[in-house]
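Scroll down for the structure; my scribbles are underneath it.
The values are calculated or read from the model by the stated rules, or taken from the named source; none is laboratory data. If you're wondering where the values come from, they're calculated on a predicted model, not measured in any experiment. Every residue, glycine as well, gets a Cβ built from its backbone with ideal geometry; the counts of neighbours run over all protein chains shown. With ligands, DNA and RNA removed, areas are computed over all heavy atoms of the protein, side chains included. Shrake-Rupley method; radii C 1.70, N 1.55, O 1.52, S 1.80 Å.
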Amino acid sequence: DGLYGAAIPLCGNGYRTSLGAENNKFGCKSYTYTKEASSENIPLMVLGFDDNPYRLFSNIYEVAFKNMNIKTNLLKNKVYPEVFEYIGWCTWNATNMGRDLNESYLINSVKTFTDKGFPLGWILIDDGWFIHDRGRLNSFLPDTVKFPNGFKPLIKELNSNYGLKYFGIWHAYNGYWNGINPNSNIGQKYKNELFSWKQHERIETESPYATYYFIKPTSHLLNTFYDDWHKYFKEQGFNFVKVDNQLVSERMSVDNYPIWFLSEKMHKALYRSVFKHFNGAIINCMDMTSDAYYNFYKSAIGRTVEDYFPERDGGFGYNLERGGAAAHVLMALYNALYFSQFVYPDFDMFESYNTYANFHACARAISGGPIYITDIPGKQKFNILWPLIDHEGKILRVDKPAMLTEDCLFQLQDPKPLKAFSFIEENGILAVFNAADA
């Protein structure tokens, strides 16, 4: 009849619902991952119809969030953090995934921006800054070999001598990838409040299962854990955090706690601390399970895409993990159709010297969310970066997140024609041509 239809899953009462197909039938399934949940009043889904797809998405989330009693999670109720109005630099790929990360590397890296007169607004110290034992958190403090003076003198120098405004630091939602080391000082502090779960030593591999630990969602010390860590970060001079691994609730909850209960408790404790110490400035990451993103509370930034991967074999096409620019941007935009109802989409970092850096830059420019790069120092292409900002390093951010146009909502992309596209950049203007039509 010409109407659009949309369905979204609901969560609550201990359950997480997902939508999908089984035996050629579309439907929904609700899980708790434990027997400790009521079988009454299970939230399933909201189904809606409209001749305007954008109004439909807006209305369907309004209804869903009202029924889940999480109306604060709607984008219209959120404030965009000031720090993310500026362009940033993330250490992840630039430091060989944290392996080369250290104090002198950071200073020298920032210098490669300031020496060129580029007004970098913030840096994010990503994974690789602390000591751990088999992916288990040992301490709130940094690795003394990499950061012998701690963070405070480093941040003071970067601010005073190089003009950086803001500083961020990465940590995992559950301490580190495999929780807390029960034999560490932190583990001993919380030893009477820990619970265990099992997962592969390396996720998505056939490695052996191991037992890991984190603080019980029922413990009053859950709030203390985040509060103590964030208080330390703030005292060192940090202004925001990037929190990763938020989907781990689905592994932690198995045979322990109903998944919605566990995720809700952990996220509430996390955001309580983030708003207390950083005025809500957080990048949510690895967050694309409904038990995570429905618990974003008032936090305003959320990743809508898999990690950015540096290009391999040309960097275009649809192989995401080989750096396919088309695959990355396509995923980010389609997911933003949903995520933009409750966060400003984060399209993740990129490299300004990528073959398709202009393509990546254009996507970030219209995303409505933060813009940050992970360039190896000295390799920056400033002609790619300058058009994104003003003279103070403020990004030229759009009023609302980018939306797919109506003709693209159900379009299946054929990777072959995309090879015919060419990009021409002149004086900061990007033109896109389809060679077949030229």
Checklist entry - Across segment 127-142, what is the total count of residues that are open to solvent by 10 Å² or more (accessible area, probe 1.4 Å), among the aliphatic types (A, V, I, L, M) and assigned to a strand (DSSP E or B)? => result 0
Checklist entry - Do any residues in segment 304-316 that are touching a residue at least 60 places away in the same chain (Cβ under 8 Å) have Cβ atoms under 9 Å from those of residues that are open to solvent by 40 Å² or more (accessible area, probe 1.4 Å) and of a type in the set (V, I, T), where the two are at least six apart or on different chains, and which pairs are they? => result F316/T355
Item to check | Residue under evaluation S160, criteria (1) under 25 Å from the mean Cα position of the chain (by Cα); (2) not in a loop (DSSP other than H, G, I, E, B), criterion not met | outcome: (1)
Next on the checklist: For G369, only one of the following conditions fails: (1) modelled with pLDDT of 95 or more; (2) more than 21 Å from the chain's Cα centre (by Cα); (3) assigned to a loop (DSSP other than H, G, I, E, B). What is its number?
Outcome noted: (2)
Checklist entry - What do you reckon, is L124 open to solvent by less than 10 Å² (accessible area, probe 1.4 Å), modelled with pLDDT of 95 or more and in contact with a helix residue (DSSP H, G or I) (Cβ under 7 Å, 6 or more places away or on another chain)? => result no
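Select from segment 165-215 the residues that are in a strand (DSSP E or B) and of a type in the set (A, V, I, L, M) and write down the one among them that is nearest to the chain's Cα centre (by Cα). Break it down stepwise before answering.
The initial filter retains those residues of segment 165-215 that are in a strand (DSSP E or B), namely 166-172, 175, 179-180, 194-200, 209-215.
Checking the rest, the ones that are also of a type in the set (A, V, I, L, M) come to 169, 172, 180, 194, 210, 215.
Values: I169: 13, A172: 11, I180: 21, L194: 26, A210: 26, I215: 23 Å.
Step by step, filter segment 165-215, then rank; the result is A172.
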Next on the checklist: For the list (1) surrounded by 14 or more Cβ atoms within 10 Å (Cβ to Cβ); (2) assigned to a loop (DSSP other than H, G, I, E, B), I need the number of the one condition that V145 fails.
Outcome noted: (1)
Checklist entry - Quick one: how many residues across segment 235-249 are closer than 22 Å to Y190 by Cα, part of a helix (DSSP H, G or I) and either touching a Leu at 6+ places or on another chain (Cβ under 8 Å) or open to solvent by 10 Å² or more (accessible area, probe 1.4 Å) (or both)? => result 1
Checklist entry - Which of the residues belonging to segment 339-358 are modelled with pLDDT of 95 or more and either open to solvent by 20 Å² or more (accessible area, probe 1.4 Å) or in a helix (DSSP H, G or I) (or both)? => result F339, Q341, Y344, Y353, A357, N358
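Would a scan of segment 149-170 turn up a residue that is among the polar types (S, T, N, Q), modelled with pLDDT of 95 or more and within 24 Å of N279 (Cβ to Cβ)? Let's see the steps before the verdict.
Restricting attention to segment 149-170, the residues satisfying the condition of being among the polar types (S, T, N, Q) are 149, 159-161.
Cutting the leftovers down to modelled with pLDDT of 95 or more gives us 149, 159-161.
Checking the rest, the ones that are also within 24 Å of N279 (Cβ to Cβ) come to 159-160.
Yes, because at least one residue in segment 149-170 is among the polar types (S, T, N, Q), modelled with pLDDT of 95 or more and within 24 Å of N279 (Cβ to Cβ).
From N52, N69, N41, which residue is of a type in the set (S, T, N, Q) and within 24 Å of T405 (Cα to Cα)? Please lay out each step first, then the result.
Numbers: N69 fails: within 24 Å of T405 (Cα to Cα); N41 fails: within 24 Å of T405 (Cα to Cα).
Exactly one of N52, N69, N41 is of a type in the set (S, T, N, Q) and within 24 Å of T405 (Cα to Cα), namely N52.
A quick yes/no check of all residues on (1) open to solvent by 10 Å² or more (accessible area, probe 1.4 Å); (2) at pLDDT 95 or above; (3) within 14 Å of K242 (Cβ to Cβ); (4) outside any loop (DSSP other than H, G, I, E, B):
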position	(1), (2), (3), (4)
S263	no, yes, no, yes
R272	yes, yes, no, yes
K276	yes, yes, no, yes
G302	no, yes, yes, yes
D307	yes, yes, yes, no
Next on the checklist: Can you tell me how many residues within segment 198-222 are in contact (Cβ under 8 Å) with a residue 24 or more places away in the chain and in contact with a Lys or Arg (Cβ under 6 Å, 6 or more places away or on another chain)?
Outcome noted: 2
Checklist entry - Do we have any residue at all in segment 114-121 that's of a type in the set (S, T, N, Q) and outside any loop (DSSP other than H, G, I, E, B)? => result yes
Checklist entry - Of all residues in segment 28-81 being in contact with an Asp or Glu (Cβ under 8 Å, 6 or more places away or on another chain) and in a loop (DSSP other than H, G, I, E, B), which is farthest from P345 (Cα to Cα)? => result T34
Checklist entry - Looking at segment 385-434, which of its residues are modelled with pLDDT of 55 or more and hydroxyl-bearing (S, T, Y)? => result T405
